[in-house]
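What follows is one structure encoded as structure tokens, with my remarks underneath.
Here, each number is a calculation from the coordinates, and none is a lab measurement. In this text, all values refer to a predicted model and were calculated from it rather than measured experimentally. A quick note on method: Cβ atoms are made from the backbone with ideal geometry, for glycine too, and the neighbour counts reach across all protein chains shown.
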Amino acid sequence: MIYIPCPHCGHRNADEFIYGGDNDQRRPENPEEFSDAAWCEYIYTVPNVKGITREYWRHKRGCNRWFVIQRDSRTDKITPLDGKSIDD
Amino acid sequence: MTEGFRSRSGGRIHRGRKISFQFNGRRYEGFPGDTLASALIANGVSVVGRSQKYHRPRGIMSAGLEETNAIVQLAGNDDEPNRAATTLPIYDGLVAHSVNVAPSVDFDLGSLLGFFHRFIPAGFYYKTFMWPKDRWDWYGGIIRKVAGWGTAPAKPGGGRYEHRNHHCDVLIVGAGPAGLSAALSAGRTGSRILLVDSDTEPGGKLLSDNLTIRSCPAMEWVDDIVAELDLMPNIIRLTRATATGYFADNYVTVIEECPDKPWIRERLWKVRAKQVILATGAIERTLLFANNDRPGIMLASAAMTYCSRYGVRPGNTAVVFTNNNSGYRYAIGLLKAGVSVTALIDTRKEADSRLRAAAAGSGIEVIADARVVSATGRRRVSAVNIVSGNDQSPRRIRCDLVAVSGGWNPAIHLHSQSGGKPIYNQRIASFVPGESKQNERSVGACRGELTLQSALAEGANAGCKAAALCGFALADIEVPDCEHEPEPGVDPVWDCSQPGGQSSAFIDFNNDVTSADIRLAMREGYRSVELVKRYTTAGMGIDQGKSSSVSIVGLIAEIAGLEPGSVGTTTYRPAYTPVSFGAMAGPAKSDLIVPWRRTPVTDWFLDNGGHLDETGAQFRRPLFIAKADESAGDAVQREALAVRNQVGIYDSTPLGKILIQGPDAVAFLNRVYSNNWENLPVGRGKFGFMLHEDGRLLDDGVTMRISDNQYWMSNSAGMADVVLDHLDRLLHIHWPELKVYLTPITDQWAVVCVCGPHARDVLYEADIDIDISGEAFRFLDTRLCTIGGLSARISRVTYTGELSFEIAVPMRHGLRLWNILIAAGQKFGITPVGSDTSMLLRTEKGFIAAGLEGDGYADIFDVGMGWLVPKEKADFVGKRSLEKNRRSDGGRPEVVGLLPDNSDFVPPKGAPLVEYDRNDEVPQQVGMVTIGFFSPNLGRSIALAQLRDGRSRMGQSATIYTKAGVETATICEPVFIDPDGERMRD
């Protein structure tokens, strides 16, 4: 079980958190301007990056805070975000 | 039996007290410190089990957790299958018996299979039992009876199990010389250490190998170290604790057996360590020759262990068969323990000169460049046949013990589980850890460094390094000198049996796999070690290849003409040793599997005939509240009549409640609900439907505006958590600019619903202080009030279609409110109702239930709620997908009502609605019954259903397919009572 650094509580087991999706996937402001195909792409095609991803997590069974971490999907290694250390 | 097997003195057993135990129905005695295996050897028991496939007699093979033969079933209160006798300390009252024997271990009918075993090679089942195809089930039943191991306990396991989370700087696995040395150096730095060892006492191989450190017995060094460690406050030391799994980010599971604690049987430690030191040692492997599985043939290290640690002689006349230097030391050790060692057979031409001289000096005949090709004897080995040099004529040597040393396999399992890739090492002809993928390091024998001196040095070094990486200053450690041990100098021979021989050389004792099976698999084209393993089942038994996997790789390499390194290993997976279900479940059994949520009225229901069950969100709610001797069906019918004719009372506390606050609350509701939320006045509520972004239904419910910037949202009980996650995610990720705050308040408010024609009378009787007449307090109004002296919020919402009030009070007042209303309602015949009744009443009204009519495919139009999607409304979550789906989809599953033509037939939930083609006898499914009841208010059965294009089929007939036969029903609007909603608006 990976160990996730919550910016508020420090490192905690992954089962205390829920995954919130890719950091770069924002809900479009203008869905009506999307073609059906483009909309399907947004809804159903989840980015599955091999390498460094930035993703949302929420410390649901803890402080309930949302935060973004940078994770290498090949190794699960979590690295500091924006040069700032997220170590406890 | 005979006392002859127990030496007069020596060993780490305590001879002052005797322990009585039973094995296969006979009573034996042993001493504290004995394992079941050592006690059986002491009692002269050589056959302890039967092999899985051929039912060959088997004896004790090892002295550790790699045991494949001495697998026993514990009986009585400790009922547990498949325990290795070699790691099971005996205790008073132990009752064990062999697994897989019929009728007894001494006379096993299944062993007749042994005579046919030449006809049961690898893949036999796949090839033979394929015809006729549909008979596999029948064959399978018989095969399962003949094969297989212990039986699952009939009763729930006794004893308690617990889970414990643990954090430390350094986790050290193994308390042999390397582990203890690491613990000492890391411990002296002050770092927090967890030291775990699977044995009953620390020392590892020093417990049995009679080595010296600083010219003193090595166990004196162990005692000194352990004494120092136990005084350190920063060290926790566990015995009988096995690290079974190594997971991501240094998360290691440890199973601790706690026999000395009557209140707990096993404890699962979930350890998160900054650094891990693996000092798991090495496992000796056997050599392959014909009949190498006969009782009396065991690992040389095991024979040594039984002599020196347990004070028992596993035989009287021994032959040692080795391909490395370890065999010499063990031969001399056996001799010193009183076993007559007649010959030492070495496959190599050259051995360590000092060892050879020592063996010769002890009077042991050393036969170099020789091999054991076969053993004779059936229930006990009686002799071995050897060939030496170029002389292929066998020589026969009588013996009742063969001690085999085939080299050492480092226990790299945890390293491999941590992500490391094992690499082949020529020097020891086995696999050693590769590059570390996590913060772990292997030391000593489990890294292929097999001498005591290197174990001590590597341990000390690793302990310092690991502690330093955790931020602790280096400690000053000196590594003591110990007795010289030569490198093993192993000769990699994988199969000594003679090609074409009549008897089998076993490679996996657990699954009865022979070298001939491996050869056959390779002849049939299997090359990958993973495939050979699966085809032959080699390495797939209880020991999970601990005894066999490297030999399998070696043999495959030899046959294929490859280097073992290029064959690679099979994958090592958790768990390292078998883990009991009890340890996995921990305290989560029976009532604790799901922690029930309670409402203030739960106990009242229990006292008053409530039939409680889980009905969503882990709340236990009454399905109905039965009077004495009343059936479930009768209770539901009575309650449903009471709500429509008098008045009912219902515990609505489990309904989800979320408080939505902030200046942007309206904007937020507009984006998450399909309908418009502007212009809702304070004190009014509104019904809304929430969609997923892909257009599916998420949940429905009433949200009330309770002040300018505060909204009270209700959710289905089971969906409250999902909805909160959905809303929370939208707010934080997609719309962080909105000033909205969400607070789950389900557990803060007890809610009681009073519904029925007399609902208003009951509330007046309970002294409500506001005017709740139809004009003053309309449907979907909400207001603060006082009732029975309690401050409360009252709302007019309904799930039954009757005049209905929901009264919310702080949780602690819930039971008081309930009792006040019950008392006030007596004269009006107030009837407590359960959730089954509620389901019946909502079916009569055609109200949609999320999860039934609103399943994962239906959309808001399908459930007849299209009016909740205003045409002119701008974007909301799910709108774009809804548009797309509506354009492209025909044949939607639309909700309809069903009136069965047989008014007593209640359509079962989930029954398919079918159509028959004109010529086709095969029914095609066009829909599904979502709920059906006998309605006491209508005096007939009714149902709701999803039906393809159902809205265009009103008045037509539908066919309901059930196991009992086909029934017909008339399709109607999904509302059976009060279609205009006059009652609820009264």
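Amide H of B:PHE431: which non-local residues (sequence gap of 5 or more, or other chain) have their own amide H closer than 5 Å, using H built in the peptide plane?
Residues meeting the amide H criterion: B:ASN425.
Of all alpha-carbon pairs in the stretch B:840-986, indicate the percentage at a distance above 20 angstrom.
Working: 5386 of 10731 pairs.
Cα-Cα pairs of the stretch B:840-986 separated by over 20 Å account for 50 percent.
Quick one: compute the contact order of chain B, relative version, from alpha carbon pairs under 8 angstrom and 6+ residues apart, as a percent.
The normalised contact order for chain B reaches 9 percent.
Evaluated at 25 °C with a viscosity of 0.890 mPa s, what Stokes-Einstein diffusion coefficient in µm²/s does the protein assembly as shown have when Rh comes from the Kirkwood expression over alpha-carbon pairs?
Estimated via Stokes-Einstein, D reaches 71 µm²/s.
Quick check for me: using +1 on Lys/Arg Cβ and -1 on Asp/Glu Cβ, what's the dipole size of the stretch B:11-60 about its Cα centre, in debye to the nearest 20?
120 debye
Once amide H atoms are placed 1.01 Å from N in the peptide plane, what residues at a sequence separation of 5 or more from B:SER104, or on another chain, have their amide H within under 5 Å of its amide H?
The answer is B:LEU109.
What is the sum of charges, Lys and Arg at +1 and Asp and Glu at -1, for the other residues whose Cβ falls under 14 Å from the Cβ of B:ARG240?
My count for the surroundings of B:ARG240 gives -2.
Along the stretch B:231-245, what does the Karplus equation 6.51 cos²θ - 1.76 cosθ + 1.60 (θ = phi - 60°) give for ³J(HN,Hα), rounded to whole Hz, x for Gly and Pro?
With coefficients 6.51, -1.76 and 1.60, one gets 8, 7, x, 8, 10, 10, 10, 10, 10, 6, 10, 10, 6, 9, x Hz.
Could you give the C-alpha radius of gyration of the stretch B:20-96 expressed as a fraction of 2.2 N^0.38 Å, taking N as the number of residues it contains?
Relative to the 2.2 N^0.38 Å estimate, the stretch B:20-96 comes out at 1.00.
May I ask you to list the residues of the stretch B:631-666 whose amide nitrogen lies under 19 Å from a point 7 Å from Cα along the Cα→beta-carbon direction of B:ASP904?
Residues B:631-635, B:637-638 qualify, since their backbone N sits under 19 Å from the label point.
Suppose the chain between B:ILE236 and B:ASP629 were pulled fully straight at 0.36 nm per residue; how much longer would it get relative to their current alpha carbon spacing?
Gain in length upon complete extension: 135.6 nm.
For chain B, what is Rg from Cα atoms divided by 2.2 N^0.38 Å, rounded to two decimals?
On the way: Rg = 37.5 Å, N = 986, 2.2 N^0.38 = 30.2 Å.
Taking the Cα Rg and dividing by 2.2 N^0.38 Å, one obtains 1.24.
Can you sort B:CYS482, B:CYS258, B:CYS755 by how many other beta carbons sit within 10 Å, fewest first?
Fewest to most other Cβ atoms nearby, the residues stand as B:CYS258, B:CYS482, B:CYS755.
Got the relative contact order for the stretch A:8-88 handy, in percent, Cα pairs under 8 Å and 6 or more residues apart? Kindly include the intermediate steps, with their values, before the conclusion.
On the way: 99 pairs, mean separation 27.0, N = 81.
Result for the stretch A:8-88 is 33 percent.
Between B:GLU284 and residues 5 or more places away or on another chain, which pairs have amide H atoms under 5 Å apart, with H built 1.01 Å from N, and which residues are they?
B:ASN409
Residue farthest toward the positive end of the dipole of chain B, with Cβ of Lys/Arg at +1 and Asp/Glu at -1: which of B:GLY187, B:ILE794, B:GLY204?
Of the options given, the answer is B:GLY204.
Which GluC sites (Glu not before Pro) in the stretch B:901-986 pass both tests, a DSSP loop state and at most 12 other beta-carbon atoms within 10 Å?
On the way: sites: B:GLU915, B:GLU921, B:GLU967, B:GLU982; in loops: B:GLU921.
Listed in order of number, the matching sites are B:GLU921.
Using a simple charge model, +1 on the beta-carbon of Lys and Arg, -1 on the beta-carbon of Asp and Glu, nothing else, what dipole does the stretch B:282-440 show about its Cα centre, in debye to the nearest 20?
That gives the stretch B:282-440 a dipole magnitude of about 360 debye.
To the nearest 20 Debye, how big is the dipole of chain B about its Cα centre, given +1 on the beta carbon of each Lys and Arg and -1 on that of each Asp and Glu? Could you put the intermediate results ahead of the total?
Numbers: 107 positive and 113 negative charges, 518 e Å.
Charge dipole, chain B, about its Cα centre: 2480 debye, nearest 20.
Would any residue of the stretch B:721-735 have its amide N under 19 Å from a label point 7 Å out along Cα→Cβ of A:ASN23? List them or say none.
B:729-735
Between B:VAL966 and B:ILE770, what is the FRET efficiency for a Förster distance of 56 Å, r being their Cβ-Cβ separation, to the nearest 0.05?
With a Förster radius of 56 Å, E is 0.55.
Reachable aspartates and glutamates from B:LYS336, Cα under 14 Å, same-chain residues fewer than 8 places away excluded?
Counting by Cα, and skipping residues close in sequence, B:LYS336 has these aspartates and glutamates nearby: B:ASP209.
Quote the FRET efficiency, to the nearest 0.05, computed for B:ALA248 versus B:GLU530 with a Förster distance R0 of 22 Å and r equal to the Cβ-Cβ distance.
On the way: r = 23 Å, r/R0 = 1.04.
The calculated FRET efficiency here is 0.45.
Summarise the partner chain shielding of A:25-37 as one whole number: the mean count of Cβ atoms from other chains within 10 Å of each residue's Cβ.
4
Using label points projected 7 Å from each Cα along Cα→Cβ, tell me how many nm separate B:ARG985 and A:THR53, to one decimal.
Distance between label points: 5.1 nm.
For a quick check: sort B:LEU659, B:LEU691 by the number of other beta carbons within 10 angstrom, fewest at the front.
Fewest-to-most Cβ neighbours within 10 Å comes out as B:LEU659, B:LEU691.
Reachable lysines from B:LYS739, Cα under 29 Å, same-chain residues fewer than 8 places away excluded?
Filter leaves A:LYS60, A:LYS84, B:LYS657, B:LYS686, B:LYS871, B:LYS873, B:LYS879.
Just to be sure I understand the model, the point goes 7 Å from the Cα along the line to the Cβ. What's the resulting B:ASP875 to B:GLU350 distance in nm?
Once both label points are built, they end up 8.0 nm from each other.
Could you tell me which GluC sites (Glu not before Pro) in the stretch B:520-561 are loop residues by DSSP with no more than 13 other beta carbons within 10 angstrom of their beta carbon? Numbers along the way, then the final one.
On the way: sites: B:GLU524, B:GLU530, B:GLU558; in loops: B:GLU524.
Qualifying residues, ordered by number: B:GLU524.
Find out how many positive minus negative residues lie around B:ALA368, taking Lys and Arg as positive, Asp and Glu as negative, among other residues whose Cβ is under 15 Å from that of B:ALA368.
Result for the neighbourhood of B:ALA368: -2.
What net charge do the residues around B:ILE931 carry, taking every other residue with its C-beta under 13 Å from that of B:ILE931, with Lys and Arg at +1 and Asp and Glu at -1?
-1
List the lysines whose Cα sits under 25 Å from the Cα of B:LYS963, skipping any in the same chain fewer than 8 residues away.
Leaving aside lysines fewer than 8 places away in the same chain, those within reach of B:LYS963 are B:LYS909.
Would you please state which residues of the stretch B:189-229 a label at B:ASP481 would reach in this model, taking the label point 7 Å out along Cα→Cβ and a backbone N cut-off of under 11 Å?
So the set is B:214-215.
Taking 0.36 nm per residue of separation and subtracting the Cα-Cα distance, what length does fully extending B:GLU29 through B:MET954 add?
Additional length available on full extension: 324.7 nm.
Give the calculated FRET efficiency between A:CYS63 and B:ASN819 to the nearest 0.05, with a Förster radius of 25 Å applied to their Cβ-Cβ distance.
With R0 = 25 Å, the Cβ-Cβ based efficiency is 0.05.
Once phi is turned into ³J(HN,Hα) by the Karplus curve 6.51 cos²θ - 1.76 cosθ + 1.60 with θ = phi - 60°, what whole-Hz value does each residue of the stretch B:969-986 show in order, with x for glycine and proline?
Couplings: 8, 8, 7, 9, 4, x, 7, 10, 10, 6, x, 8, x, 5, 5, 6, 9, 3 Hz.
Give the residue list of GluC sites (Glu not before Pro) in the stretch B:446-500 that are DSSP loop and have at most 14 other beta-carbon atoms within 10 angstrom. Walk me through the numbers on the way to the answer.
On the way: sites: B:GLU449, B:GLU458, B:GLU478, B:GLU483; in loops: B:GLU449, B:GLU478, B:GLU483.
Those satisfying the criteria are B:GLU478, B:GLU483.
Relative contact order of the stretch B:743-893: what whole-number percent is it, with Cα pairs under 8 angstrom and at least 6 residues apart?
Here the relative contact order equals 22 percent.
Could you give each residue of the stretch B:292-302 its phi-based ³J(HN,Hα) in whole Hz, using Karplus coefficients 6.51, -1.76, 1.60 with θ = phi - 60°, and x for Gly or Pro?
6, 9, 5, x, x, 9, 9, 5, 4, 5, 5
Quick one: if you stick a label point 7 Å off each Cα along the C-beta vector at A:VAL46 and B:CYS216, how many nm between them?
6.1 nm
In what order do B:ASP771, B:ASP249 fall by count of nearby beta-carbon atoms within 10 Å, going from fewest to most?
B:ASP771, B:ASP249
Please work out how much length the chain gains when fully extended from B:LYS437 to B:GLU365, using 0.36 nm per residue of separation minus the C-alpha to C-alpha distance, in nm with one decimal.
Fully extending the segment from B:LYS437 to B:GLU365 adds 21.1 nm.
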